[in-house]
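S.K.: Could you have a look at this structure, given as C-alpha cells, before my questions?
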Amino acid sequence: MPIIGIDLGTTNSLAAYFTPEGPKIIPNSFGEHLTPSVVSVGDDGEILTGKIAAERRFTSPQKTASVFKRYMGTKKEYKLGDKTFLPEELSAFLIKKLKEDAEVFLGEEITEAVISCPAYFSEAQRRATKTAGELAGLKVDRIVSEPTAAAIAYGLHEKEESAKYLIFDLGGGTFDVSILEFTRNIMEVRAVAGDNYLGGEDFNDILIAAFLRHNDLKESDLTEREEAAVYKASEYAKLHFSKNHFIAMQAVVGGETKSTEFTADEFEVYCQPLLLRLKNPVVRALSDASVRMADISAVVLVGGATKLSIVRAFVGKLFGMLPASVINPDEAVALGAAVQAAMKERNTAIKELLLTDVCSYTLGVEVANVRSGGLIQTGLYSPIIERNTVIPTSRVERYYTMHNQQKQVEINVFQGESRNTRDNIFLGNLNIPVPLGPAGAEAVDVRFTYDVNGILEVEVTTVSTGEMAKIIIEKNPGTMTQREIEESFAQLSALKIHPRDRDEYRYLLEMGERLYQEHMGDERGMIADALAEFEEVLDKQNRGEIDAYVTRLREFFESLEGS
Ligand code: ADP
Ligand code: MG
C-alpha cells in the first residue's frame, strides 16, 4: 500500500506516488495532472470537486468555493447552498477526490499520505492541513513544507556538501520566496517572504487592461458575460505566450468582435510593475536570512506562473544564473511530497527545521476614511503587525476620532491580508471612552503585542486622559478539537459525493450550462438542444451510445469556447 504525496494548492491540487524510476504524478479522472482546488454543491446536493466545480464558479457562484487555503486554520465558514463548511472540510473533499483517483489509477487502497503546506504555515495551520487529510480518511503523519518538497524533488538533499537554495514559487494568486539551507540531512527554512495577493492571475489582469485600453473600453462597459469572454481571451493569450509571437486577444463586446495584438516586448513593458513586485520579497528573504545572492547555489522555480518566459527571464536576470526548471514547476511540490512519502516507508527522512517564530498573518484594526467629497468609507483595514514579522513583537499605531462630539472609539481587531475588513477574520473588539471634542481632536494609541504562543494582547489608551482598555485574544480559535473532527468526519461521510465514473458526463453538463449562459441567440438554442439530447442519451444508459455522444458534445463545446 503506497503512501501518496499530496500538494494541496490554493489554485490546483495534485497527488504523486513513488516508483523505482522516481516519483510520478497520478492523473485524475480526466487523465489530467492538475485538479482545480474548487468545491461546489450541486443543485442535487452532491459534492462536486475539481474541474466540474470550477465550471460552476460562473453559473453557481453562491454554491461554489475556491482559494479557501488562505483561510486554513481559521473558523471562516463557507456557506454553499444550505450547507456550511470550514476550510479544512472543503480541503477534505479535494483530498478525498485525489485519494479516489489514486486508488483507481494504482489499483489499490490508499490509507496514508504526506501533505505539503506553505513554509510560513503556523502550527495551527499545519494541524488544520493534517485534519483535512484525516477528514478524507487518510492517515497523515507528516506535513512537509512546499519549498522543502520542491527541493527534494530536485534531489538537492542528495548533494554531499551543504548549500543554500532559493525557491521561487509563483502560483495562481500567491507568491512565496523561501531560502533553504541544507546541511547534514537537515533542510532548514531560513527565511520566507512573499505576497499573498500576487500570482498568475495578475498577468491576466495586465492582458485584460491592455485589451480594454487598445479598444477604448472601460471595465464598467462590459456585461458579466463579456467580462468572462475577455478573461478567457487573456487566459488563452497567457498560456500560449511565446517570445517570438504576437499576443493576440479577441472577444465579442457590444455585439462586435474586438481584438488586439501586441508584441512580447510590449507585454514585457506592461508587466514591469508586476516584475518589480516580484523583486521585493526576494530581496527581503535574502536579507532576513543574512544570505547574499552570490551564496545561493541554485534557484528553483515552482508554481504554474513561472512557466511564463517573462518570469523566467526576469529571475535569470535577477540572479545572473539560469533557474532550475527541468521539473514541471506546477508538479515539483507533489513529486517531492511523494519522495518524502517513500522515505517515510523506509523509515528515513530529511529532518526539517521550520521557521515558526514569525507571525504568519497580518493583524490590524478596522478604520474609516473620509474621501475628498466628504464621503465616509468604512470597513477599511489598517495593519499593525505585518505578516512574517518576527515574534515576539509589539507595535503601536495612533488613530483619531472621526466625528464631532464623539463619545467613544470602537476598536475591531482583524487578521488577514485584504484591504477590506469584511474579507478578513474578525478576532475581537473593545470600546474606550474619549473626551468630547471636534473630529480629529482626540486620539487613541492601539498597541498589539504578539507572543510566540500566538497570543495577541490588544491595549488601547486614550492619549489625552491616559485611560486604558485591554483584551487578550487567543490565537487560532479556528483549530478543530478531536471531538469536532469526529463529528465532522461523520457528517462529511454522510454527504453524497458525485460518483467518479460519471465525472466526464457531469463536466460536460456543467460546461454546457456555462456556455448556455455565456452565449445568445442561435448558439444558445443549439447548446440547449444538445444538452437536452445528452440528458436523454444518459437516461437510456447505453454505454456505447453515451460515449459516442460525449465525443460529439465535447467537440461542439470546444468549438464554442473560442467564439
Ligand atoms: P497554486 O500553487 O496556487 O495552486 P499553480 O502552481 O498550479 O497554483 O499555478 C497556477 C497558475 O499558473 C495559474 O495562474 C495559471 O494560469 C498559471 N499557469 C499554468 N500554466 C501556465 C503556463 N503555461 N503559462 C503561464 N501561466 C501558467
Ligand atoms: Mg503551489
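The values are calculated or read from the model by the stated rules, or taken from the named source; none is laboratory data. It should be emphasised that the depicted structure is a prediction, and the values quoted were computed from it without experimental measurement. Neighbour counts are summed over all protein chains in view; Cβ atoms, including those assigned to glycine, are modelled from backbone coordinates with ideal geometry. Calculation scope for accessible area: heavy atoms of the full protein, side chains included, ligands and nucleic acids excluded. Shrake-Rupley method; radii C 1.70, N 1.55, O 1.52, S 1.80 Å.
S.K.: Using only helices, what value at 222 nm comes out for the chain when you add -39,500 (n - 2.57) per DSSP H run of length 4 or more and divide by the total residues, to the nearest 500 deg cm²/dmol?
M.R.: Helix contribution divided over all residues of the chain: -11500 deg cm²/dmol.
S.K.: Take the Cα pairs of the stretch 160-322, get the Kirkwood Rh, then feed it into Stokes-Einstein at 4 °C and 1.567 mPa s and tell me D in µm²/s.
M.R.: This corresponds to a translational diffusion coefficient of 75 µm²/s.
S.K.: Please list, by residue number, everything in the stretch 210-225 whose backbone N is under 19 Å from a paramagnetic label point 7 Å out along Cα→Cβ of residue 419.
M.R.: Answer for this model: 210, 218-221.
S.K.: Let me ask another. Which cross-chain or sequence-distant (5 or more) residues have an amide H under 5 Å from the amide H of residue 80, H modelled 1.01 Å from N in plane?
M.R.: Sorted by chain and number, the residues that satisfy this are 85.
S.K.: Using a 1.4 angstrom probe on the protein heavy atoms only, line up 459, 160, 467 by accessible area, largest first.
M.R.: 160, 467, 459
S.K.: Quick check: the distance between the Cα centres of the stretch 409-486 and the stretch 313-375, to the nearest angstrom?
M.R.: Taking the Cα centre of the stretch 313-375 as reference, the centre of the stretch 409-486 is 28 Å away.
S.K.: Please give me, ordered by residue number, the GluC sites (Glu not before Pro) of the stretch 328-397 that lie in loop per DSSP and have at most 16 other Cβ atoms within 10 Å.
M.R.: Taking the stretch 328-397 and a limit of 16 other Cβ atoms within 10 Å, the loop GluC sites (Glu not before Pro) found are 386.
S.K.: Assuming a ≥ b ≥ c are the square roots of the Cα gyration tensor eigenvalues, decide whether the stretch 500-561 counts as rounded (a/c under 1.5), prolate (otherwise, with a/b larger than b/c) or oblate.
M.R.: Prolate, because a/c is 1.5 or more and a/b exceeds b/c.
S.K.: Rounded to the nearest percent, how much of the accessible area of the stretch 1-118 (1.4 Å probe, protein heavy atoms only) is carbon and sulfur?
M.R.: 51 percent
S.K.: Can you check what the net charge comes to around residue 329, using other residues whose Cβ is under 9 Å from the Cβ of residue 329 (Lys, Arg +1; Asp, Glu -1)?
M.R.: Result for the neighbourhood of residue 329: -2.
S.K.: Cβ under 13 Å from residue 66's Cβ, residue 66 left aside: what net charge do those residues give with Lys, Arg +1 and Asp, Glu -1?
M.R.: +4
S.K.: Then there is this: In debye to the nearest 20, how big a dipole does the chain give about its Cα centre with +1 on each Lys and Arg Cβ and -1 on each Asp and Glu Cβ?
M.R.: Approximately 1520 debye in magnitude.
S.K.: 5 Å is the cut-off here: which amide hydrogens, built 1.01 Å from N in the peptide plane, fall below it relative to residue 388, excluding neighbours closer than 5 in sequence?
M.R.: Under 5 Å from the amide H of residue 388: 359, 360, 361.
S.K.: Decide, for the stretch 80-218, between rounded, prolate and oblate: order the square roots of the alpha carbon gyration tensor eigenvalues as a ≥ b ≥ c, take rounded if a/c falls under 1.5, and otherwise choose prolate if a/b is larger than b/c, else oblate.
M.R.: oblate
S.K.: Can you give the relative contact order of the chain as a percent, counting alpha carbon pairs under 8 Å and 6+ residues apart?
M.R.: Rounded, it is 15 percent for the chain.
S.K.: Here's something else I'd like to know. What is the gain in length, in nm to one decimal, between residue 268 and residue 43 on full extension, counting 0.36 nm per residue of separation less the C-alpha to C-alpha distance?
M.R.: Full extension of this stretch gives 76.6 nm more.
S.K.: Still on this structure, please answer the following. What accessible area per residue, rounded to a whole number of Å², is obtained for the chain using a probe radius of 1.4 Å?
M.R.: 46 Å²
S.K.: A further question on this structure: Test of understanding: what is the full-extension gain from residue 283 to residue 256, defined as 0.36 nm times their sequence separation minus their Cα-Cα distance?
M.R.: Length difference between fully extended and current span is 5.1 nm.
S.K.: Can you tell which of 418, 110, 36 lies farthest toward the positive end of the dipole of the chain, using +1 and -1 charges on the Cβ of basic and acidic side chains (Lys, Arg; Asp, Glu)?
M.R.: So the residue furthest toward the plus end is 418.
S.K.: Which of the lysines could a cross-linker bridge to residue 63, judged by Cα under 17 Å and excluding same-chain residues fewer than eight apart?
M.R.: Straight-line reach from residue 63, under 17 Å: 51, 76, 79, 83, 496.
S.K.: Please sort by residue number the trypsin sites (Lys or Arg not before Pro) in the stretch 1-101 whose DSSP state is loop and whose Cβ has at most 15 other Cβ atoms within 10 Å.
M.R.: 75
S.K.: Can you give the translational diffusion coefficient of the stretch 363-480 in µm²/s, computed by Stokes-Einstein from the Kirkwood radius over Cα pairs at 20 °C and 1.002 mPa s?
M.R.: Reported coefficient: 144 µm²/s.
S.K.: For residue 243, which lysines qualify as cross-link partners when the Cα separation must be under 22 Å and same-chain residues fewer than eight apart are set aside?
M.R.: 232, 279, 307, 317
S.K.: Please get the size of the charge dipole for the stretch 500-561, origin at its Cα centre, with Cβ charges of +1 on Lys and Arg and -1 on Asp and Glu, quoted in debye to the nearest 20.
M.R.: My answer is approximately 180 debye.
S.K.: Give the residues of the stretch 24-61 whose amide nitrogen is closer than 11 Å to a point set 7 Å from the Cα of residue 496 in the direction of its Cβ.
M.R.: Under cut-off, by backbone N: 42-47.
S.K.: How high is the relative contact order of the stretch 160-322, in percent, with contacts defined as C-alpha pairs under 8 Å that are six or more residues apart?
M.R.: 29 percent
S.K.: So which chymotrypsin sites (Phe, Trp or Tyr not before Pro) in the stretch 45-142 end up in coil per DSSP with only 12 or fewer other C-beta atoms within 10 Å?
M.R.: Listed in order of number, the matching sites amount to none.
S.K.: Right, here's the next one. Be a star and scan the stretch 477-496 for residues whose amide nitrogen sits under 18 Å from the point 7 Å along the Cα-to-Cβ vector of residue 452.
M.R.: Flagged as within label range: none.
S.K.: Is the shape of the chain rounded, prolate or oblate, going by the alpha carbon gyration tensor and its root eigenvalues a ≥ b ≥ c, with a/c under 1.5 for rounded and a/b larger than b/c for prolate?
M.R.: rounded
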